[in-house]
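Working notes, structure below.
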Amino acid sequence: MNYFESFVKTNIEVATCFLDFGLLKKFVTCPIFCKNQRMRTNINILILVWPLFIMAQCVQEKPVQIIKTGTWRGSHVNIDVSLDWYGLFSYDDGLRLEKVQVKVEEVSDPFVEALGEKVAKKVSIQRSEKPIFLVAGNRFLKAGPVTGKYYSYNVLVPEQNVDILFKDKEKYQLSPYGSEFPNLSDDEHAADQYGIWLRGGGKEQLIVEDKYFFGTGPRLVWSGDLDGDDRLDLLLDCICEDEASNMALYLSSRAGENELLSMVAVWDSGEEF
């Protein structure tokens, strides 16, 4: 074990208790620790390296991954099950983000060969409740109640605005646009040059741009605060065929200076078997 490893091991509790830089600096001046040369040296080193450690954590932020439980085309299931996975669940008393163990296994299916796939993959968790979706890779995710609303797939039709009331006080609006094709059935939609504006908080942002779709249509699945920063996050799903899914997760914590949201993860299921 080198000196740096020894330093981290012997001072991890101190680092945990004194994350606040100002408090840590004051702590070093305590007479008790001034008498301990090794402890004083280690604390001084900690003051110097702690900001670098925080910056390294920000730089090493892992990519966010999303998926749904179900059996999917094998080539569409490329997740890292070793990550800390969470499921967003809808209960009678509200939404909860709960830590789950994700399992991916290869299964046989009669449709696989017809679709040109060698194998199908089943994504499951060790519980009976089915989550709205699964997410991993964001260090701000924490198990517990989640502010928001589950819309059970609200279709975003061109020229029909959707109002979102965030935490019962902040108003946002999704404004879909595009050239919708007429004479389709009630559960089918098609549009060209399709896009979605998000407006709120004195800002506006184009979060979907220049898309063509045919099928059940792009839908708002969930809105709320997933990453705990008290700002709006969204989950959209462009379902172009029955039982298929093309999810996109937008988080405010990754947004730029003039943005409301940043699309941090997408997942295309192909057909579900």
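Each reported figure results from applying straightforward, stated rules to the coordinates on display, with no laboratory input. Remember, predicted model here, so these are calculated numbers, not experimental data. Cβ coordinates were reconstructed from backbone atoms using ideal geometry, including for glycine residues, and neighbour counts include every protein chain displayed.
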Check your understanding: Using mean Cβ contacts within 10 Å as the protection proxy, how do 144-152, 227-235 order, highest first?
Key -> 227-235, 144-152
Practice item. Report the full-extension gain for the segment Phe140 to Val266: residue separation times 0.36 nm, less the Cα-Cα distance, to one decimal in nm. Key: 43.5 nm
Study note, to complete from the structure: Note on segment 65-270: C-alpha Rg/Rh, Kirkwood Rh, two decimals, gives 0.97
**Study point:** Flagged links, alpha-carbon separation over 20 Å, of Lys68/Lys130; Lys171/Lys203; Lys68/Lys167; Lys142/Lys167; Lys68/Lys149; Lys169/Lys203
**Key:** Lys68/Lys167
